[in-house]
Amino acid sequence: MACLYADRTQAPAWPRSGSQPPPWRALVAGVQTGTRRAGLLMCVLVLLAPGQADAQIRVKDIADVEGVRENQLVGYGLVVGLNGTGDKLDNAVFTRESLVGMLERLGVNTRDQIAKLETKNVAAVMVTGMLPAFARTGSRIDISVSAIGDATNLSGGTLLVTPLLAADGEVYGVGQGAVTTGAVAARGASGSSVTRNVPTSGKIANGAIVEREVAFSLGAHAAVALALRNPDLTTARRTEIAINLALGPGTARATDPRTVELNLQHRDVVDALTRIEDLRVEPDTPAVVVIDETSGTIVMGANVRISTVAIAQGNLTIRVSEAPEISQPEAFSKGRTATAPRSSISVDSEHDHKLGLLTAAPTLRDLVASLNALGVGPRDLISILQAIKAAGALQADLEIR
């Protein structure tokens, strides 16, 4: 390190091929000009400063720019070309009416013979998609297709032209294309069948064309706000500090646990947001224990702490079994056997009961290691955590789902 050298002559020479000198050259120059103590003190601060990449995450991964969002699209359409796996027109009235209306728009009159329509190659579907932010007219997006009638398989079908509407009722896209389900479905003559994945739902890659844009100009807004995905006051304050250090005081201001307002007047908004997205912040998380009793899943945050508490863990098993005893026929019993009931009751109590003393755990690793030392499994751990919380020793929120 350059901090170990007392003057310029002892420090290693830096190549002069047009590259910038490292930061420690300024420190050595300060020592050489007489401010040796100040230079050495700065060296110590540099060495003791934590690394920038220690548990730090980019701002773009923990926050979104307010106003930059996706919009949901939905539409109703028909899938044709199915191999006899479509809707039964007698049961799905909406499919029959939609088919007749489509044919009429194409110049085919089937209204007089609607009762004779018995095709099984058509299915009514709902089409959904997401309109990305800043999507331009003519760009393509992916869409999903789901059957709403009694169709059994959409594989091999083709979605006809389907308008896609947003929440305001306006058409923002039009979808059409071949449906891909990725499912396998087979049925035998005897009724046996096998199905993998869901054959009544599929996707169309790049199956919709954007017909209308959402009016939003990011560069025209001098006042922009960042919305944290996980609201937290500490994270919002750290984000504010990091932005002000990078772009100058007064650029950012945390107004609540979710929002960090940005003042980008007289700045290039796109350039400023690009610099902000690459800044690294260490997010803070609350102490939470989430328990899913159905699957036995337990998730504990890194800030979970536990006060000193004693835990006894053991099992008591009681077994009751019935074993009827059959006696052999005696003389003059006319060959009839006698049955006598016999009950057996056993109580198993583990002799290796463990009473563990958990001292105040400074980290999550110590908490888990202490509970594992008692031989606690996931199911038992759920009951233990609930009991610890009831005793007031679990310094975290306990969420049971």
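Suppose the filter is out of contact with any helix residue (DSSP H, G or I) (no Cβ under 8 Å at 6 or more places or on another chain), in contact (Cβ under 8 Å) with a residue 60 or more places away in the chain and part of a loop (DSSP other than H, G, I, E, B); does Lys88 pass it? It would help to see each step written out before you state the result.
Values: out of contact with any helix residue (DSSP H, G or I) (no Cβ under 8 Å at 6 or more places or on another chain): yes; in contact (Cβ under 8 Å) with a residue 60 or more places away in the chain: yes; part of a loop (DSSP other than H, G, I, E, B): yes.
Answer is yes for this residue.
When you go through Pro257, Pro283, Pro231 one by one, which is the residue that is touching a Leu at 6+ places or on another chain (Cβ under 6 Å) and either surrounded by 14 or more Cβ atoms within 10 Å (Cβ to Cβ) or within 21 Å of Gly67 (Cα to Cα) (or both)? Give the derivation first.
Values: Pro283 fails: touching a Leu at 6+ places or on another chain (Cβ under 6 Å); Pro231 fails: touching a Leu at 6+ places or on another chain (Cβ under 6 Å).
Just a single option satisfies the conditions, and that option is Pro257.
Every condition in (1) surrounded by fewer than 17 Cβ atoms within 10 Å (Cβ to Cβ); (2) in contact with an Asp or Glu (Cβ under 8 Å, 6 or more places away or on another chain); (3) not in a strand (DSSP E or B) is met by Ala246 except one, and the failing one is (2).
In the set (1) in contact (Cβ under 8 Å) with a residue 24 or more places away in the chain; (2) within 30 Å of Gly67 (Cα to Cα), Ala151 fails one condition alone, (2). Among the residues of the range 384-401, the ones that are exposed (fewer than 12 other Cβ atoms within 10 Å of the Cβ) and part of a helix (DSSP H, G or I) come to 1 in all.
Which members of the range 87-108 meet the condition of being out of contact with any Ser or Thr (no Cβ under 7 Å at 6 or more places or on another chain) and surrounded by 14 or more Cβ atoms within 10 Å (Cβ to Cβ)? If you could, list the steps in order and put the result at the bottom.
Residues of the range 87-108 that are out of contact with any Ser or Thr (no Cβ under 7 Å at 6 or more places or on another chain), as a first pass: 88, 90-99, 101-102, 104-108.
Those that are out of contact with any Ser or Thr (no Cβ under 7 Å at 6 or more places or on another chain) and surrounded by 14 or more Cβ atoms within 10 Å (Cβ to Cβ): Lys88, Ala92, Thr95, Arg96, Ser98, Leu99, Met102.
Determine whether Asn83 is closer than 21 Å to Asn197 by Cα and out of contact with any strand residue (DSSP E or B) (no Cβ under 9 Å at 6 or more places or on another chain). Answer is yes for this residue.
Among the residues of the range 273-297, which ones are of a type in the set (A, V, I, L, M) and more than 20 Å from Arg258 (Cα to Cα)? Even if it seems obvious, please write down each step before you answer.
Pass one, the range 273-297, residues of a type in the set (A, V, I, L, M): 273, 276, 279, 281, 287-291.
Those that are of a type in the set (A, V, I, L, M) and more than 20 Å from Arg258 (Cα to Cα): Val289, Val290, Ile291.
Taking strands (runs of 3 or more DSSP E) as the structural unit, those lying wholly within the range 139-203 and holding at least 2 residues that are closer than 13 Å to Leu73 by Cα and modelled with pLDDT of 95 or more correspond to 140-147, 158-165, 171-178. Scanning the range 272-289 for residues that are part of a loop (DSSP other than H, G, I, E, B) and either of a type outside the set (S, T, N, Q) or without any contact (Cβ under 8 Å) to a residue 40 or more places away in the chain (or both) yields Asp278, Leu279, Glu282, Pro283, Asp284, Pro286, Ala287. Take the conditions in contact (Cβ under 8 Å) with a residue 12 or more places away in the chain and touching a helix residue (DSSP H, G or I) at 6+ places or on another chain (Cβ under 9 Å) and apply them to Val210. Does it pass? No: the conditions fail for Val210.
Does Asp64 meet the test of being under 40 Å from the mean Cα position of the chain (by Cα), more than 30 Å from Leu279 (Cβ to Cβ) and among the acidic types (Asp, Glu)?
Details: under 40 Å from the mean Cα position of the chain (by Cα): yes; more than 30 Å from Leu279 (Cβ to Cβ): no; among the acidic types (Asp, Glu): yes.
Answer is no for this residue.
Restrict the check to the range 262-271 and report whether at least one residue is in a helix (DSSP H, G or I), under 30 Å from Ala166 (Cβ atoms) and either out of contact with any Ser or Thr (no Cβ under 9 Å at 6 or more places or on another chain) or at pLDDT below 95 (or both). I'd like the intermediate steps shown before the answer.
Quick first cut of the range 262-271, residues in a helix (DSSP H, G or I) only: 269-271.
Then keep just the ones that are under 30 Å from Ala166 (Cβ atoms); that gives 269-270.
From what's left, either out of contact with any Ser or Thr (no Cβ under 9 Å at 6 or more places or on another chain) or at pLDDT below 95 (or both): 269-270.
Yes; the residues of the range 262-271 include at least one that is in a helix (DSSP H, G or I), under 30 Å from Ala166 (Cβ atoms) and either out of contact with any Ser or Thr (no Cβ under 9 Å at 6 or more places or on another chain) or at pLDDT below 95 (or both).
The values are calculated or read from the model by the stated rules, or taken from the named source; none is laboratory data. Note that the coordinates shown come from a computational prediction; the quantities given were computed from them, not determined experimentally. Heads up, the Cβs are rebuilt from the backbone with ideal geometry, glycines too, and the neighbour counts pull from every protein chain shown.
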